[in-house]
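Peer 1: Encoded as structure tokens, here's the structure I'll be asking about.
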Amino acid sequence: MEKIWLKSYPPGMPTEIDTTQYRSLVQLLEESFHKFADRNAYVCMDKFLTYAEVDAHSKRIGAWLQSRAMKKGARVGIMMPNVLQYPIAIAAILRAGYTVVNINPLYTPRELEHQLNDAGCEAIIILENFANTLEQVLGRTQVRHILVGSIGEMLGAPKGMLVNFVVRNVKRLVPPFSLPNAVRFKDALSQGGGMKLTPVEVNQDDPAFLQYTGGTTGVAKGAVLTHKNVIANLLQTEAWGHPAMGGLAEQNVIVAALPLYHIFALTACAMWGMRVGALNILIPNPRDIGGFIKELAKYRFHMLPAVNTLYNALLNHPDFVHLDFSALKVCNGGGMAVQQSVNDRWRKVTGVPIVEGYGLSETSPVATCNRTDIADFTGTIGLPMPSTDIAILDDDGNALPPGQPGEIAIRGPQVMAGYWHRPDETAKVMTADGFFKSGDIGVMDANGYTKIVDRKKDMILVSGFNVYPNELEGVIAAHPGVLECACIGVPDEHSGEAVKVFVVRRDASLTADQLMAYCKEQLTGYKKPKYIEFREELPKTNVGKILRRVLRDEHTNEKKKAA
């Protein structure tokens, strides 16, 4: 295929990357631990960890995990916000020869049980704030080994003790839990000091991460990201960032506000940061915009990856304009569409445009990105990364010429090996010649820039997180007062899209508040409906399939009339 985008590459940008220079992510990480040993790698709540400390701590946790006699490739979950234990846990699991399963810490018991069982997790590293959720499902999972951490335990005395006291007793953010066989993370660090981490022969084709994502069925599936997939994306993003970051005379400082369990931050912050010897500022709760800005005020930061909603929230806080942006080089936008208005305000305040990119869990994630040396926002998702092909396909799988809309398909070394134990689902999204079909509709111009124009799937995108109507409808329909329901995404100025559910009641006394409370128990925050509308009936095809498209059109027309 003709790679028309190469003519738009920055001068000196390699068209291909060499993934053979590392046997595994373990080799890549250990190289950084030694090369940057004296540098600070992570900071959280004013506590710094050097690369040497991440090296030592991950060896100890890795040795402790190996002492549990799990076989090579065993899946180990991490269920934490952005705290210092997270990068230690990632490195420990990989170095012990196991596979990382990132878990949203806000998952409900139902969601957690599904992911633990689907992945076959034998162990989990969890923050105590979420241990109550694990307790509720533990007996129905294969998890036998549990490490429980606390927010304060890595912060040193006396601060750590004070933080834990406030979190547990003042803010009451740790619901009571009973996990009798669990070991404290700090204790495992101590015990691991008396053990030896046994090197494991891991190669590029071994799974490094099971990164869970929804699908057209709405059932969360694990995208199998091999060591090669992630190595490739790290080398691709390193090369791509060079025009903006290559001449940096000081240590690169990255703001890690997006959750590390999400593929965007996992690669763009944690893994890429360790690759290049950067300092990651870990933000455990970016929803506290005031507290977030106070943390930013302490540092000269160079990179700030975020989603549109977070950029917008920062701009809307009065203290944000007072920060020092003199070191800022790159602001990566991903996860959801970046709005032109948000970029314009962002550039006016910071002097730096938002560099929008595109990717998915299935692509490790970065598939395309705008040049990092752009002067202003382009309104596109940019150009394919080195060693990456983008094809725009029609419904029959034929490649379309520039200017014609079709499904965006991606081929490259960062594309997943497949969905975990789901060959049928893998077959639905992979073409015979190795392209992954994204489900997004795009148009590529004559210069190789692609613009997303629509979504093929019924997926709803809430603040960069995928929400699948089938999952929500299955949960809501299980309520005894619901006869049937349908979910759609509607425009929302804060989150890009919000969930609206249309419900036909079985019980006439069912109220929206009751249904909202039920959804709160069953669904993590970003999946919960923002709007509930009761109806006597729902539009259907002649074979009884509910027509979400009709509901979307009706909602749009109502808004137009109201305007």
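Peer 1: Those residues that are part of a loop (DSSP other than H, G, I, E, B), surrounded by 14 or more Cβ atoms within 10 Å (Cβ to Cβ) and out of contact with any helix residue (DSSP H, G or I) (no Cβ under 6 Å at 6 or more places or on another chain), I need them from the stretch 180-205; list them, please.
Peer 2: A182, V200
Peer 1: Taking the stretch 47-68 on its own, how many of its residues are touching a residue at least 24 places away in the same chain (Cβ under 8 Å) and either part of a helix (DSSP H, G or I) or of a type in the set (D, E, K, R) (or both)?
Peer 2: Matching residues across the stretch 47-68 total 15.
Peer 1: Could I ask something else about it? Quick one: I441 ticks every box in (1) touching a Lys or Arg at 6+ places or on another chain (Cβ under 6 Å); (2) without any contact (Cβ under 8 Å) to a residue 40 or more places away in the chain; (3) in a loop (DSSP other than H, G, I, E, B) except a single one, so which number is it?
Peer 2: (3)
Peer 1: Another one. On the given criteria, is L134 part of a helix (DSSP H, G or I), under 18 Å from the mean Cα position of the chain (by Cα) and buried (at least 24 other Cβ atoms within 10 Å of the Cβ)?
Peer 2: In short, no.
Peer 1: Inspect the stretch 256-263 for any residue being surrounded by fewer than 24 Cβ atoms within 10 Å (Cβ to Cβ), over 20 Å from the mean Cα position of the chain (by Cα) and not hydroxyl-bearing (S, T, Y) and give the result as yes or no.
Peer 2: No: zero hits.
Peer 1: For the stretch 333-350, which positions are surrounded by 24 or more Cβ atoms within 10 Å (Cβ to Cβ) and in contact with a strand residue (DSSP E or B) (Cβ under 7 Å, 6 or more places away or on another chain)?
Peer 2: Those that are surrounded by 24 or more Cβ atoms within 10 Å (Cβ to Cβ) and in contact with a strand residue (DSSP E or B) (Cβ under 7 Å, 6 or more places away or on another chain): G333, G334, V338, W346.
Peer 1: Turning to a different aspect of this structure: Can you list residue pairs whose Cβ atoms sit under 6 Å apart, with the first residue in the stretch 378-406 being closer than 14 Å to K3 by Cβ and β-branched (V, I, T) and the second being at pLDDT below 95 and surrounded by 14 or more Cβ atoms within 10 Å (Cβ to Cβ)? Count only pairs 6 or more apart in sequence or on different chains.
Peer 2: I392/G406
Peer 1: Quick test for you: out of A249, A270, pick the one residue that is aliphatic (A, V, I, L, M), under 23 Å from H34 (Cα atoms) and free of Cβ contacts under 8 Å to residues at least 40 places away in the same chain.
Peer 2: Matching residue, one of A249, A270: A249.
Peer 1: How many residues, within the stretch 507-523, are among the charged types (D, E, K, R) and in contact with a Ser or Thr (Cβ under 9 Å, 6 or more places away or on another chain)?
Peer 2: 2
Peer 1: Quick one: in the stretch 476-494, which of the residues that are of a type outside the set (D, E, K, R) and modelled with pLDDT under 90 is surrounded by the fewest Cβ atoms within 10 Å (Cβ to Cβ)?
Peer 2: Per the stated criteria, the residue is A478.
Peer 1: Shifting gears a bit: Being under 30 Å from G359 (Cα atoms), touching a residue at least 24 places away in the same chain (Cβ under 8 Å) and in contact with a strand residue (DSSP E or B) (Cβ under 6 Å, 6 or more places away or on another chain) is true for just one of F209, F185. Which residue is that?
Peer 2: F209
Peer 1: Now for a separate question. In the set V143, V167, which member is outside any helix (DSSP H, G or I), modelled with pLDDT of 95 or more and either in contact with a His (Cβ under 6 Å, 6 or more places away or on another chain) or β-branched (V, I, T) (or both)?
Peer 2: Going through V143, V167 in turn, the sole match is V143.
Peer 1: Right, another one. In the stretch 69-95, how many are assigned to a loop (DSSP other than H, G, I, E, B), farther than 19 Å from G222 by Cβ and under 24 Å from the mean Cα position of the chain (by Cα)?
Peer 2: 4
Peer 1: Can you tell which of I88, I93, I125 is touching a residue at least 60 places away in the same chain (Cβ under 8 Å), of a type in the set (A, V, I, L, M) and buried (at least 24 other Cβ atoms within 10 Å of the Cβ)?
Peer 2: I125 is the lone residue from the list that is touching a residue at least 60 places away in the same chain (Cβ under 8 Å), of a type in the set (A, V, I, L, M) and buried (at least 24 other Cβ atoms within 10 Å of the Cβ).
Peer 1: Sticking with this structure for a sec: Looking at the stretch 495-512, which of its residues are of a type outside the set (A, V, I, L, M, F, W, C) and either surrounded by 14 or more Cβ atoms within 10 Å (Cβ to Cβ) or free of Cβ contacts under 8 Å to residues at least 12 places away in the same chain (or both)?
Peer 2: Residues satisfying the conditions are S495, G496, E497, K500, R505, T511.
Peer 1: Does R371 fit the bill of being part of a helix (DSSP H, G or I) and within 29 Å of Y311 (Cα to Cα)?
Peer 2: no
Peer 1: Considering only the stretch 295-332, state which residues are modelled with pLDDT under 95, buried (at least 16 other Cβ atoms within 10 Å of the Cβ) and either among the polar types (S, T, N, Q) or within 19 Å of R371 (Cα to Cα) (or both).
Peer 2: Within the stretch 295-332, A306, V307, N308, T309, N312 qualify.
Peer 1: For L155, only one of the following conditions fails: (1) in contact (Cβ under 8 Å) with a residue 40 or more places away in the chain; (2) of a type outside the set (S, T, N, Q); (3) surrounded by 21 or more Cβ atoms within 10 Å (Cβ to Cβ); (4) not in a strand (DSSP E or B). What is its number?
Peer 2: L155 satisfies all of (1) in contact (Cβ under 8 Å) with a residue 40 or more places away in the chain; (2) of a type outside the set (S, T, N, Q); (3) surrounded by 21 or more Cβ atoms within 10 Å (Cβ to Cβ); (4) not in a strand (DSSP E or B) except (3).
Peer 1: Let me ask you something else. Conditions first: (1) farther than 15 Å from P480 by Cα; (2) assigned to a loop (DSSP other than H, G, I, E, B). D553 passes all but one, so which condition is the exception?
Peer 2: Only one criterion is unmet by D553, namely (2).
Peer 1: M416 - would you say it is within 21 Å of the chain's Cα centre (by Cα) and farther than 24 Å from N102 by Cα?
Peer 2: No; evaluated as a whole, the condition is false for this residue.
Peer 1: Would you be able to say whether some residue in the stretch 351-363 is of a type outside the set (A, V, I, L, M), over 30 Å from P207 (Cβ atoms), modelled with pLDDT of 95 or more and touching a strand residue (DSSP E or B) at 6+ places or on another chain (Cβ under 8 Å)?
Peer 2: yes
Peer 1: Would you be able to tell me the number of residues in the stretch 379-402 that are buried (at least 20 other Cβ atoms within 10 Å of the Cβ) and within 13 Å of G333 (Cα to Cα)?
Peer 2: Of the residues in the stretch 379-402, 3 are buried (at least 20 other Cβ atoms within 10 Å of the Cβ) and within 13 Å of G333 (Cα to Cα).
Peer 1: Name the single residue, out of those in the stretch 455-479 being basic (K, R) and part of a loop (DSSP other than H, G, I, E, B), that is nearest to G406 (Cα to Cα).
Peer 2: So the residue we want is K456.
Peer 1: If you scan the stretch 167-178, which residues turn out to be under 29 Å from the mean Cα position of the chain (by Cα) and either surrounded by 12 or more Cβ atoms within 10 Å (Cβ to Cβ) or closer than 24 Å to S190 by Cα (or both)?
Peer 2: If the condition is that a residue be under 29 Å from the mean Cα position of the chain (by Cα) and either surrounded by 12 or more Cβ atoms within 10 Å (Cβ to Cβ) or closer than 24 Å to S190 by Cα (or both), then V167, R168, L173, V174, P175, F177 are the ones that fit.
Peer 1: If you don't mind, there's one more thing I want to ask. Which pairs turn up if I take residues in the stretch 446-464 that are among the small types (G, A, S) and buried (at least 21 other Cβ atoms within 10 Å of the Cβ) and look for partners that are outside any strand (DSSP E or B) and at pLDDT below 90 with beta carbon separation below 7 Å, at least 6 apart in sequence or on another chain?
Peer 2: G464/V307; G464/G335; G464/M336
The values are calculated or read from the model by the stated rules, or taken from the named source; none is laboratory data. Keep in mind that this is a model prediction, so the values were computed, not measured. Glycine gets a Cβ as well: all are built from the backbone with ideal geometry, and neighbour counts include every protein chain shown.
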